[in-house]
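Each remark here refers to the structure printed beneath this line.
The values are calculated or read from the model by the stated rules, or taken from the named source; none is laboratory data. Note that the coordinates shown come from a computational prediction; the quantities given were computed from them, not determined experimentally. Backbone-built Cβ (ideal geometry, glycine too); neighbour counts: all protein chains shown. When the accessible area is computed, the model is the full protein with side chains, heavy atoms only, and any ligands, DNA or RNA have been set aside. Shrake-Rupley method; radii C 1.70, N 1.55, O 1.52, S 1.80 Å.
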Amino acid sequence: MKQARRLDNAPPYLFVEIEENIKKALANGVDVINLGIGDPDMPTPDFVVQKMTEALKNPAYHSYPEYDGALEFRCAVARFYKKRFGVDLDSETEVVALLGSKEGIAHIFFALVNEGDFTLVPDPQYPVYELATALTGGVAYPMPLLKENGFFPDLSIIPKEVIKRTKILFVNYPNNPTGAVADMEQFQSIVDFALKHDIVVCNDNAYSEFTYDGIKAPSILMAKNAKNIAVEFHSFSKSYNMTGWRLGFAVGNRDAICKLKKMKNNIDSGVFTAIQIAGVEALESGDKSVENMQKIYARRRNIAITELKKLGFEFVVPKGAFYFWVKVPDGFTSKSFTAMLLDKTGVAVAPGNGYGQYGEGYIRISLTISDIRLKEAFERIEKLGL
Ligand SMILES: *Cc1c(COP(=O)(O)O)cnc(C)c1O
């Protein structure tokens, strides 16, 4: 069977290949320690599960949900943005519920990008920005995130011809995979650039609640005039260990949100209302649970800092998210080091080149694993005597 041409544009999703290799190792009886995937290892907090159990029994939630999200959900999102970021949102026009943020991130490209248009995407990046661009027939222009620039894009080096034909500029702070966190000055510079060139700017804020050393992640919507041009994506997956539930939201510029809604209304029929009600509970009563997760990741981060230093790896201590972006030792590529580690130690990591061309020479280590297993992974690597 022939697939549509647009699918030819989409390379295989990085994590599929990692999963295959891990499956093979497991089938061979290897005790694999998986530091490769960013899926929280802790369960969804009890109070959220409890709310869901109640909501499930309410027949009012059994019919088609409201397309844009339940009013109760949209109002809770607006209250969360006010409380957490000091940002005012109109729950009618500036908020939309998503089937996980990945869904909305992919669909906003379909809503705004034509064949041949450019998008500006970070490199390394969460692969969806480039893949979704490719599926629309657009061209993703990489903005290198380099260590010497604090993993922040240099907007001054983007060619004028590209800027002229660009529809979306995507950033992701706190950043996966580099761990960088943007400050307000950086967000303001991106918003000013977007306003000047009439480009919609999107920030993927999935890791807003996970930052370290007293840093608090801002929202791009806190920048001056941001709501004239900016959209922010948010997810319950990381903050509340809810990856399996598929719940997120987009907020910001009403024009962009309106177009995203139009796209979605023709493809999906909204998020199961009971899940949204559980999400409201997470937003309203989740502070303790988030604090607890912050402590857990901070503890694991300290373990990783100590061990990586001891082993002589080159890395920048992450300010946010729950990953380490680590240089591979001399003589290795991302892929060869990842393969060697799995083969010799049973430790799985994510090869940096899967996040873009500027990820070559790096691996990503995830902290979504118990302290004991994390320590064991480093012990195994130490025995290699690199
Ligand atoms: C995990 C993650 C998401 C969350 O996606 P969901 O679809 O909400 O589960 C979004 N962006 C980045 C950068 C991520 O790492």
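The residue that is nearest to the ligand (Cβ to nearest atom), counting only those in segment 12-63 that are open to solvent by less than 50 Å² (accessible area, probe 1.4 Å), within 22 Å of residue 381 (Cβ to Cβ) and of a type in the set (Gly, Ala, Ser), is 38. Within segment 1-29, being in contact with a helix residue (DSSP H, G or I) (Cβ under 8 Å, 6 or more places away or on another chain) and farther than 22 Å from residue 323 by Cβ holds for 6, 7, 9, 10.
Collect the residues in segment 177-197 that are open to solvent by less than 30 Å² (accessible area, probe 1.4 Å) and without any contact (Cβ under 8 Å) to a residue 40 or more places away in the chain, keeping them in residue-number order. Don't jump to the end; show me each part of the working.
So the first thing to find is which residues in segment 177-197 are open to solvent by less than 30 Å² (accessible area, probe 1.4 Å), and the list is 177-182, 187, 190-191, 193-194.
Listed by number, the residues that qualify are 182, 187, 190, 191, 193, 194.
Within segment 228-252, the set of residues being over 22 Å from residue 40 (Cα atoms), open to solvent by 10 Å² or more (accessible area, probe 1.4 Å) and out of contact with any helix residue (DSSP H, G or I) (no Cβ under 6 Å at 6 or more places or on another chain) comprises 228 only.
Within segment 208-228, identify whether any single residue is without any contact (Cβ under 8 Å) to a residue 40 or more places away in the chain and within 15 Å of the ligand (Cβ to nearest atom), and answer yes or no. Steps first, please.
Residues of segment 208-228 without any contact (Cβ under 8 Å) to a residue 40 or more places away in the chain: 214, 216, 223-226, 228.
Still in the list and also within 15 Å of the ligand (Cβ to nearest atom): none.
No, there is no match, as no residue in segment 208-228 is without any contact (Cβ under 8 Å) to a residue 40 or more places away in the chain and within 15 Å of the ligand (Cβ to nearest atom).
Close contacts from segment 356-376, counting a first residue that is outside the structural domain of residue 153 (by TED's automatic domain parsing) and a second that is in a loop (DSSP other than H, G, I, E, B) and open to solvent by 60 Å² or more (accessible area, probe 1.4 Å), with Cβ to Cβ under 8 Å and a gap of 6+ residues or different chains, come to 360/333; 361/333; 368/39; 368/41; 369/41; 370/41. Considering the conditions (1) touching a His at 6+ places or on another chain (Cβ under 9 Å); (2) closer than 30 Å to residue 295 by Cβ; (3) of a type outside the set (A, V, I, L, M), residue 166 is excluded by exactly one of them, (2). Within the option set 278, 339, being outside the structural domain of residue 366 (by TED's automatic domain parsing) and either open to solvent by 10 Å² or more (accessible area, probe 1.4 Å) or modelled with pLDDT of 95 or more (or both) holds for one residue only, 278.
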